[in-house]
Amino acid sequence: MKFLPSVHLPCHPWMAMVILPLLLLLVPLAAAQWSSCSKSDDYKSNSTYVANLSLLSSTLPKKAASSTTLFATSIMGNFPDIVYALTLCRGDSNASACESRVTTAFQDLLRLCPYKKNAAVYYDPCMLKFSNKNFLATTTVNDPLFIVNTKNFTTNADITQRLLFTLINSMAQLAANSLRRFTTSRLDVGSSPTLYCLMQCMPDLIPHDCESCFQDILNSTLEYLGGKQGGRVLGTRCYMRYEMYPFFQGDPKLRIINLAPHVPTINNTTTPATVYPQSQPPDAAPPPEGKVTVQEHNGM
């Protein structure tokens, strides 16, 4: 597999655009927010496609907020102006915040990806994607974006890989079998860095497909994020974030207390990707000890 170099993106979206695989453009909106817009497949300002998007923007936020999983899909219109849409709010969000954030996501996408039929936006608390292609029909297309902390771990490479493998491998089954396909964790093992992690996949995936999506995230993390103090893999079907500080709501659902003895050989089939730096959190005192509410887990 060929590595592509990290690309520095300025803070303002009009200053730089980077071509992604599948001809998507990635633009950082602000800290922890990214949008992607198709390079082709434009629509006209007075088209039926616009009318269908308008209908979606008024119905999809409410549909997501009324769901127990804060997740919704929708199809609006007919060919050639049909629109497929998907949105998900993070598993530690609430209904009112979810509706507001998805409404804002539509507004942002129409502003940042004007006249583009394929667009997606990722925030910390939610994501939204719409397209004229039926991406809802498959469970395998994830098209992830890789966002990394620019600071490296000071531990050696072997320990770092074991930390990341243990973290994601320990969480995958728990998240895949939960109602919201969501879980959080804290890993603290001896003198190794303490890590916090969040993983979620789309609630319409069956547990097996969710675990398969997380397996792809595990492979990609070891390939592209190894050695970094924090990072995210943001995908249409599942995503993951880990940091050295708490960033999710509530106590971690899982505490991991032992490292896996080794990282098994992984047949990595991930495609080459571009890795983008994320903004750094402000320096602060070490976070308080997190209260563990569900279970402890030995690394496997």
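A few points about this structure:
- Cα→Cβ-extended label distance, 7 Å offset, between residue 257 and residue 188, nm: 1.2 nm
- Here r is the Cβ-Cβ distance between residue 68 and residue 138 and R0 is 30 Å; the resulting FRET efficiency, rounded to 0.05, is 0.80.
- Cα Rg over Rh - segment 191-242, Kirkwood: 1.01
- Seen from all directions on average, segment 117-273 presents a Cα convex hull projection of 9.4 nm².
- Counting only Cα atoms, the size of segment 25-167 along its three principal axes is 57, 35, 29 Å, in decreasing order.
- Exceeding the 27 Å Cα-Cα cut-off - candidates 117/228; 133/228; 44/129: 117/228; 133/228
- Note that segment 124-200 carries a Kirkwood radius of 15.2 Å, evaluated over its alpha carbons pair by pair.
- Burial order of peptide ranges 154-160, 246-252 (average beta-carbon count within 10 Å, highest first): 246-252, 154-160
- Segment 109-121 - phi-based ³J(HN,Hα) in whole Hz, Karplus 6.51/-1.76/1.60, Gly and Pro as x: 5, 5, 7, 8, 10, x, 6, 9, 7, 10, 7, 8, 9
- Electrostatic bookkeeping for residue 159 treats Lys and Arg as +1 and Asp and Glu as -1; over the other residues with beta carbon under 15 Å from its beta carbon, the sum is 0.
- Hypothetical label at residue 47: residues of segment 132-166 whose amide nitrogen lies under 16 Å (7 Å Cα-Cβ projection): 132-134
Where a number appears in this text, it was derived from the coordinates with a stated rule and is not lab data. Being a predicted model, the structure only gives us computed values, none of them experimental. Cβ atoms come from the backbone with ideal geometry, glycine included; neighbour counts cover every protein chain shown.
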